[in-house]
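The values are calculated or read from the model by the stated rules, or taken from the named source; none is laboratory data. Remember, it's a predicted structure, so these values are computed and weren't measured experimentally. Using ideal geometry, Cβ is built from the backbone for each residue, glycine included, and neighbour counts are taken over all protein chains shown. Heavy atoms of the whole protein, side chains included, go into the accessibility calculation; ligands, DNA and RNA do not. Shrake-Rupley method; radii C 1.70, N 1.55, O 1.52, S 1.80 Å.
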Amino acid sequence: MQAMAPSPWLPEFDPTDMVAGRAFVERLTTDAAALQRELLTEILKRNARTEYLRPFLLLPDGGLPPDGDLREAFKKLVPVSGYNDIKPYVDRIATSGRESSTNLLCSEPITHLIRSSGTSGGKQKIFPSTAEELDRKLFFYGVQALVRNMHLHADQESKRGMGMRLTLTFPVEHTPSGLHVQAATTAYYCSSQFRDQEVGGFDRCTSPMEAILCPDAEQSMYCQLLCGLLHRDSVDHVGTSFANSLVRAIKFLQHNWEEMCSDIRTGSLSGRITHAPLRDAVILRYLRGPDPALADEVASECAAKPWDGIVARLWPRARCALTIVTGSMAQYIPILRSYCGGRLPIVSPCYASTECAAGVNLRPLDPPGRASYALLPNIAYFEFAEIQPRDEETPTVDGDGDPGEMKLVDLADVEIGRSYELVVTTFAGLYRYRVGDLLTVTGFYNATPLFLFSGRHDVILSIDHEKISEEELLRAISKAIELHLGPLGYMLSGSTAIADISKLPGHYVLFWELTNARSNHVVGDIPDQTVMENCCSTVEECFDQMYCKIRQRANITALEIRVLERGAFDALMDFFVSSGASAGQYKTPTAIRSKEAMMVLEERVVARFFSKEIPRGSLYDDYVKK
C-alpha cells in the first residue's frame, strides 16, 4: 500500500502500520512549537510577495528579512483579519481566473474556490484553494484513519473491514472565469486524492464512487445504504460527516428498508434509481444475484420494535459510529446512543472548518461529549485570542467588533481551562484570519494542546444587553432534556432557536422536534403541558445573571418552546440546501436569523409552551461553581 503523502510538510506514513504510526503521532505532537515556527516561516517565504502581504513584510529593497525577523514582522504588522478583508481579493480571483489570480493572496495558482455551508454564521463565504490543499486534506484524513486503527483495530489488524460512510456531493458551480466553486467536502470527494486512496486504498468504503458523485441526494442515499447492507458482515465502522446526517440517514432507512430488502431478495434494483451510472454500478458490482437469506436477516432486524441498537444489529462487526458530535451536533448524542444500543461507541473524529482542516481526536474512545482535538501543527499556523468572561453588567462585543486590539498567543502558549477564538494562517492565502470558532483547552497530548469545540463566536442570541453563547444555549437545552424529557423516553430530533422581536418586549423561541424511544421513535408524540413548561423554565434557569436580571425587569418576556411535526428539520435542511448550502457540510444551525428559514419551521408548529417562572439563574450558578 502506498504511503502518504508528497510534501515535506506532509510527511509520508502508512495509516495501516500502527507501530510506525504511533511513533509518527508522538513526533508530530512532541515537536509542535518548533513545527509551528518553521511552518510560519515557510508560509511567509512563499507568500510575502503577494499583493496582500507585501505592504507588511517586504524590505525597502524588495527583499525579505531573516527568518526570525520575518516572523516578528508578521506578528507586529499583519492585522487580524475577517472575511470582509479578503473578500475583494476573492472577488478578483473569481473574475480573473487561475493564472491571473496568482500572487493576490498566495503564490500558488488558485485551482478552485470552496464555499462554506452558510449555516454557522448566517451567510455563505467563498475561499481560495490550491492543489496542495487537497494533499493536505488527504494527510488530514490519513491521520484520522491511523488514529482509528490504533484504538479500534489493534486486536484484529488482519480482519480490518470497510467503512459504511454515507457521503453526499452536489453539482459544481463556476465563476465567470471558469473556476470551480464547490463545498470543501465535494472538492475532496471529486479529487484524485480521494479516488486513489479513500475508496481503494487506506480507508475503503462500501459506497461506490457513482453513488458518492450522484447529483440526486435521495438516489445516492438509497444506494449507499443498500450497498452497506449488502456488505453488512464486512463493515467495521458506520459514519457521516455530522451527527444530524447520520440521524437523517437512519430515518431514511426506517422508511425504505422493505424496498431495500426486496432488492436484495430478488437481486434487482428498485425502479426509483434512474441515474444511469449509479444504476449500472450497483447492478454490476453489488447486486450479484438473489440473496433471500441476507434479505431475511436484514428484514428481521428492521422489523423488530423499537429501533434501539439498530446500527449495531444491522452491522454486527462495526467497531464505532464515526461522526462529529461536538458543538451544535451534541444535541444528537442521546438519539445516536439509542440507535447504537450502548455497545457501539460514538467517535467524534475531527475538528475542521471550511477555512482549515485542523484537528484530530487522538483519544477517540473518550465519551463523545468530552471529545477534544489536537490541532495538527504542520497543517496551518494557529494563534488564539483569549475570550474573557462576560461582565454581567457590561455589554460584550460580538464577532463584528474591532479585532485590532486582540492579544494573540501561539499554540504552545495556551493554558488549560481557558477559552480562545481560533485565528489561522494558511498556505492558501488566509493570514491571521478569525475563524469564529471558540475552543477550550482541556489538556495536552505531549506538547500539543487538546481543544474542546465550544461553539461559534458569532452564533448567539441577544435581545437586550444579554448575550447567550452557543455553548450556553446547548448546555441549557441538554439540562432540560436530562431533567424532564429523558426520563419519559423523549429525545430531540432537532433543535434551533430565534430571538423573536416581532413584538416588544421580545423573547427567545426554541423550535424542538421530539421522538419517543418508548414508542419506536415516533415523532409528534407531545409531552403534557406541565413537562414542557418545566423545560422552558429549566432552560431559562441555565442562562447567566445578565439574562435573569433583564427578564426580571420585563425587558425580555418568557421563553417559548414550539414543538414541531415530524420531518420539520428535514424541511429546514432542504431549505438551506436549495439556497446553496452543501448537504454534505450541513449542520443544523443552533440559532437562525433568516425569516424564510423561520417560516419553514413555523408552518410545522403543533404546540407552544411558555415558561411560567421568572428565572433566578440557579442552574447557571451551579454550573459556574463546577
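Yes/no per residue for (1) in contact with a helix residue (DSSP H, G or I) (Cβ under 7 Å, 6 or more places away or on another chain); (2) surrounded by 20 or more Cβ atoms within 10 Å (Cβ to Cβ); (3) modelled with pLDDT under 85; (4) outside any helix (DSSP H, G or I):
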| residue | (1), (2), (3), (4) |
| --- | --- |
| L138 | yes, yes, no, no |
| M150 | yes, no, no, no |
| M164 | yes, yes, no, yes |
| P171 | no, no, yes, yes |
| V181 | no, no, no, yes |
| T186 | no, yes, yes, no |
| F194 | yes, yes, yes, no |
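Scanning region 300-318 for residues that are surrounded by fewer than 18 Cβ atoms within 10 Å (Cβ to Cβ) and either hydrophobic (A, V, I, L, M, F, W, C) or touching a residue at least 40 places away in the same chain (Cβ under 8 Å) (or both) turns up A303, A304, K305, P306, P316, R317. Of the residues in region 360-380, not one is open to solvent by 10 Å² or more (accessible area, probe 1.4 Å), hydroxyl-bearing (S, T, Y) and part of a strand (DSSP E or B).
A single entry from C356, C340 fulfils the requirement of being of a type in the set (A, V, I, L, M, F, W, C) and within 21 Å of G489 (Cβ to Cβ): C340.
Selection of helices (runs of 4 or more DSSP H) fully inside region 440-552 by the criterion of at least 3 residues being under 25 Å from Y332 (Cβ atoms), modelled with pLDDT of 85 or more and touching a His at 6+ places or on another chain (Cβ under 8 Å) returns 529-541.
Taken over region 210-250, the criterion of being at pLDDT 95 or above and aromatic (F, W, Y) is satisfied by Y222 alone.
If the condition is being open to solvent by 10 Å² or more (accessible area, probe 1.4 Å) and either of a type in the set (A, V, I, L, M) or outside any loop (DSSP other than H, G, I, E, B) (or both), then region 12-23 contributes F13, M18, V19, A20, R22, A23.
Restricting region 553-569 to residues that are under 32 Å from the mean Cα position of the chain (by Cα) and open to solvent by 30 Å² or more (accessible area, probe 1.4 Å) leaves a set whose member that is modelled with the lowest pLDDT is R566. Residues of region 234-269 that are outside any helix (DSSP H, G or I) and either over 29 Å from K587 (Cα atoms) or out of contact with any Ser or Thr (no Cβ under 7 Å at 6 or more places or on another chain) (or both): S234, D236, H237, V238, G267, S268, L269.
Before we move on, is R553 over 27 Å from K587 (Cβ atoms) and among the charged types (D, E, K, R)? Yes. Scanning region 13-28 for residues that are at pLDDT below 85 and aliphatic (A, V, I, L, M) turns up at least one hit. Can you name the residue in region 250-270 that is open to solvent by 60 Å² or more (accessible area, probe 1.4 Å) and of a type in the set (D, E, K, R) and, of all such residues, is farthest from S493 (Cα to Cα)? Step by step, filter region 250-270, then rank; the result is R265.
Would you please name the residue that is most open to solvent (accessible area, probe 1.4 Å), looking only at residues in region 271-290 that are out of contact with any Cys (no Cβ under 9 Å at 6 or more places or on another chain) and under 15 Å from E218 (Cβ atoms)? Filtering first and then ranking leaves T274. Of all the criteria given as (1) touching a strand residue (DSSP E or B) at 6+ places or on another chain (Cβ under 6 Å); (2) closer than 30 Å to R71 by Cβ, the one not satisfied by C320 is (2).
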